[in-house]
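Taking it in order: structure first as structure tokens, then the write-up.
The values are calculated or read from the model by the stated rules, or taken from the named source; none is laboratory data. None of these values were measured; they are calculated from a predicted model. Using ideal geometry, Cβ is built from the backbone for each residue, glycine included, and neighbour counts are taken over all protein chains shown.
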Amino acid sequence: MTRHRVPDPAATRPIRVLQVVQRFYPELGGLETHVAEVTSRLREMPDIEITILTTDRSGELPKEDVINGVRVIRRRSWPREKDYYFSPGLVKVIRSGGWDVVHLQGGQTFVPLVGMLAALSARIPYVLTFHTGGYSTAGRSVMGWVRTRALAPLLSRSAKLVAVSRFEKKSFSADTGIDPDHFTVINNGGALPPVPAGVLPQPGTIVSSGRLEKYKGHHRAIEALPIIRRAVPGARLTILGGGPYESELRALAATLGVSDEVTIRHLPPTERAQMASILAGSSVMAALSSYEAHPVGIMEALALGLPVLGCDVAGIGDLVEDGLVRGIDVAAGPAEVAAALVDMLTQNADGKPRAAAGFELPTWEGCAAALADVYRELAPARAPGRPLRIAQIITTLTTGGAEKQLESLIGHSGNAHRTIALYGGGTIADRMTAAGAEVDVLGMDGLGKLTAIPRLALRLRQMRPDAVHVHLLSAQLWGIPAARLAGVRTIISSEHSLMETSMEMRPLTPTLRRIYRSLESMVTRTVAVSATTKTRLLRWGVAPDRISVIDNGIDFDELAFADDDRQARRAEFGVGPGTVLIGAVGRLDPVKRFPQLLEALAPTLEHGFRELLLVGDGPLRGPLAARAAELGVADCVHLTGPRPDVPALLAAMDVMVSPCRDETFGMAVLEGLGAGLPVVYAQCPALDELGEQPAWAVQLAAADSGVSEAQSIRLCVEQVLDLRASGRFPLPANISDAYGIDRTAASFDRLYHDLVTGTALPVVVGAGNDR
């Protein structure tokens, strides 16, 4: 079976990513540095288009700027002096910017809350990186936990959550109840320039680095210093950082009599060479913070070979577990801290150059590359070579034209499909599964309908499809609202069964029309399976620009005549080699008019001379069998029930009849012609659209012609039997060109791509039939 592939989308526009951060340059801090470092590298990637959205508490900065080659959008925020501020202007930028992915950097203010709500309402997949820090007061710590719990519903609806360490992943998974598999760990980057020549470790020197907050633990090193100096008289402590706790640290050093031995220096983030020199000139690092999500400063020290004593907690605990840091209990007192530091100072008192510890420092390049992979996973339509993920939703997979069409589409598409059958499986579901297709049966009949939409929405959120494609009215009724609830941005609805007076056996009432129009307003595009169906949709008030016509497709190769199949199937039903076998294929519903066919042909049927084969299943199967018995033709009327081998049954036939007068396409007629049979039919919009028809396709008299339907059926059957040659009729080229399944699959693949990406693939002549 040949499979159509979508043209490589590598040449389409890049993935449009919006990174949302509460503050950015000219403000300085760890989060600002992180965003600047990764975005400056992401902008170099040809398939990523990166933009930063941030706030302006001053009201004095430009609304748009370019920093390090990256576009920066600012929106005013209030109040100016508080940590928790609002910036309502962010919402419009997120909702109307045409972004493929929204990435929220940091989770500790109202900015990510606003960002998640805006992205969710716009059905844009969003990612959040936590960037957590510690708290200097118990009240703020409790507030942080409460905020995380409150955000859990929004976090659970994210496309991905990014933790900067294993600890952060475990911690947030436990606090929110979100599955650990929903998280990915991407370490912050770090980089230090080469250490200047001649810089050697100075015996007795201790360094502690980080913002001057109480939770950072600098005071623990000061409290231990007097005890350390009894064993190492020349011991000194250098604290690198700035912040609100500086005066308390200086007062503590004065109280303990070590002011002259404690140096506090503020190094701007740009002074990387000076940082490298100080670390290289120290004997040991004291990292006594009670919370570090991902301690980049510690890893930079390790990369220089500097021994580190750290509290065995949070992100530092990961490094202790890896054997890279000497751990100490976060509750250890000054004497215990001093004893550990004295031991490490003694072991590193020779002042000789240190070799790097063999520790590979995470880089900003690696961090940016990992984020780019997340974006590509969430927007695969613009990741070269990646197929789209399509969720197909249909009522059942028993028998029927729409079900068979879906099976054929999936078998010839270049995308990755997963099918959800709402009520039940059946013949087609079994065949699809055997062919390797992914099929889920939800079993939503009965009371299951009460929870249909939330259950289906949950399944879709777990699947994270690029598009949802619904088929038939029940699937539209449940599938479209569920897809909207799940945040799926692209929803396609195929209309298979809109007849002149009914839809799937339901009369076309004003109520049904209102329901249908309401559902249609929630989809991205409605697909009509024929021009006839489009005309009916237009009469219902669907806007022309919301309709695409993609004709049903037939796998004509599958229908090729095989004499072995003919003999085997005729033998199965006891049909002799000289018997004329008239056949019909379709669901046994009133609209297909098989009872009228039976009534018309019954006078001509005779066992061993002329018999009737009805292929399909449905509510009329029992009544048809009973009527055949009443008419005395039970021995020459064969009701097959659901069958997976329709091509073989077509091979067994000599004539096909399709008496249905209310078709949207006429697939059974085309399948009969594809099998080389002469065909009698009442209505076939697909043939009507082609104009010229083969002589062995004979149409019944119109219902208002004055000729009785039974007489018309008998006359037309005799007419095509007179045309019947010893072999099969060839398939006309205009039919195979217009309605081949490869052409239909190509059209759907192009439609999926165009709607998901917002860009149009070039039309390849002969590769599609959408219009």
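When VAL527 is evaluated against the numbered criteria (1) out of contact with any Lys or Arg (no Cβ under 7 Å at 6 or more places or on another chain); (2) assigned to a helix (DSSP H, G or I), which criterion, by number, is the only one it fails?
All conditions are met except number (2).
Return a yes/no flag: does the range 606-614 have any residue that is crowded, with 17+ Cβ neighbours inside 10 Å, in the same structural domain as SER712 (by TED's automatic domain parsing) and part of a helix (DSSP H, G or I). Before you say what the answer is, go through the steps one by one.
Looking only at the range 606-614, we keep the residues that are crowded, with 17+ Cβ neighbours inside 10 Å, and these are 610-614.
Now drop any that are not in the same structural domain as SER712 (by TED's automatic domain parsing), which leaves 610-614.
Of the ones still in play, those that are also part of a helix (DSSP H, G or I) are none.
No: zero hits.
If you take just the strands (runs of 3 or more DSSP E) that sit entirely in the range 177-276, which of them hold at least 2 residues that are under 30 Å from THR129 (Cα atoms)? Reasoning before the result, please.
On the way: elements: 183-185, 205-209, 236-240, 262-265.
By residue number, 183-185, 205-209, 236-240.
Any idea which of ALA701, ALA625 is out of contact with any Phe, Trp or Tyr (no Cβ under 8 Å at 6 or more places or on another chain), farther than 24 Å from GLU718 by Cβ and not in a strand (DSSP E or B)?
Exactly one residue qualifies, and that residue is ALA625.
For the range 344-369, name all the residues that are modelled with pLDDT of 80 or more and surrounded by 15 or more Cβ atoms within 10 Å (Cβ to Cβ).
Residues satisfying the conditions are MET344, LEU345, ASN348, THR363, TRP364, GLY366, CYS367, ALA368, ALA369.
Are any residues in the range 93-114 more than 17 Å from the chain's Cα centre (by Cα) and of a type in the set (Val, Ile, Thr), and if so, which ones?
Matches in the range 93-114: VAL93, ILE94, THR109, VAL111, VAL114.
For (1) over 18 Å from PRO203 (Cβ atoms); (2) within 24 Å of the chain's Cα centre (by Cα); (3) at pLDDT below 90; (4) aliphatic (A, V, I, L, M), each residue gets a yes or a no:
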residue: MET299; (1), (2), (3), (4): yes, no, yes, yes
residue: LEU304; (1), (2), (3), (4): no, no, yes, yes
residue: LEU319; (1), (2), (3), (4): yes, no, yes, yes
residue: ALA332; (1), (2), (3), (4): yes, no, no, yes
residue: ILE390; (1), (2), (3), (4): yes, yes, no, yes
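Looking at the range 714-736, which of its residues are in a loop (DSSP other than H, G, I, E, B) and exposed (fewer than 14 other Cβ atoms within 10 Å of the Cβ)? Outline the logic, then answer.
Start the filter on the range 714-736 by keeping residues that are in a loop (DSSP other than H, G, I, E, B), which leaves 724-732.
Within the range 714-736, ALA725, SER726, GLY727, PRO730 meet the criteria.
Could you please find all residues in the range 254-310 being farther than 24 Å from VAL330 by Cα and touching a Ser or Thr at 6+ places or on another chain (Cβ under 6 Å)?
PRO269
Hey, can you tell me all the residues within the range 430-452 that are modelled with pLDDT of 90 or more and within 23 Å of the chain's Cα centre (by Cα)?
MET432, THR433, GLY436, ALA437, GLU438, VAL439, ASP440, VAL441
Which condition breaks for VAL680 when tested against (1) without any contact (Cβ under 8 Å) to a residue 24 or more places away in the chain; (2) among the aliphatic types (A, V, I, L, M); (3) within 21 Å of PRO659 (Cβ to Cβ)?
For VAL680, the exception is condition (1).
In the same structural domain as GLU663 (by TED's automatic domain parsing), over 19 Å from VAL669 (Cα atoms) and modelled with pLDDT under 90 - does that describe any residue in the range 694-705?
Yes, there is a match, as at least one residue in the range 694-705 is in the same structural domain as GLU663 (by TED's automatic domain parsing), over 19 Å from VAL669 (Cα atoms) and modelled with pLDDT under 90.
Only one of these is out of contact with any strand residue (DSSP E or B) (no Cβ under 6 Å at 6 or more places or on another chain) and surrounded by fewer than 18 Cβ atoms within 10 Å (Cβ to Cβ): GLY691, GLY740. Name it.
Criteria check complete, one pass: GLY691.
Going through GLU300, GLU261 one at a time, which residue ends up being touching a Gly at 6+ places or on another chain (Cβ under 6 Å) and not aliphatic (A, V, I, L, M)?
Residue meeting the stated conditions: GLU300.
Does ALA287 satisfy being outside the structural domain of PHE172 (by TED's automatic domain parsing) and buried (at least 24 other Cβ atoms within 10 Å of the Cβ)? Can you show your working first?
Numbers: outside the structural domain of PHE172 (by TED's automatic domain parsing): yes; buried (at least 24 other Cβ atoms within 10 Å of the Cβ): yes.
So ALA287 passes the test.
Could you check the range 594-617 and list, in sequence order, the residues that are closer than 20 Å to LYS404 by Cβ and either modelled with pLDDT of 95 or more or of a type in the set (Ser, Thr, Tyr) (or both)?
Initial filter on the range 594-617 (closer than 20 Å to LYS404 by Cβ): 594, 613-617.
Within the range 594-617, PHE594, LEU613, LEU614, VAL615 meet the criteria.
Do the conditions hold for ALA584, that is, is it of a type outside the set (Ser, Thr, Tyr) and within 24 Å of SER408 (Cα to Cα)?
Considered against the rule, which asks whether it is of a type outside the set (Ser, Thr, Tyr) and within 24 Å of SER408 (Cα to Cα), ALA584 comes out as yes.
State which residue is surrounded by the most Cβ atoms within 10 Å (Cβ to Cβ) when the search covers only the range 460-495 and only residues that are farther than 16 Å from ARG123 by Cβ and modelled with pLDDT under 90.
Among residues in the range 460-495 that are farther than 16 Å from ARG123 by Cβ and modelled with pLDDT under 90, the one surrounded by the most Cβ atoms within 10 Å (Cβ to Cβ) is SER474.
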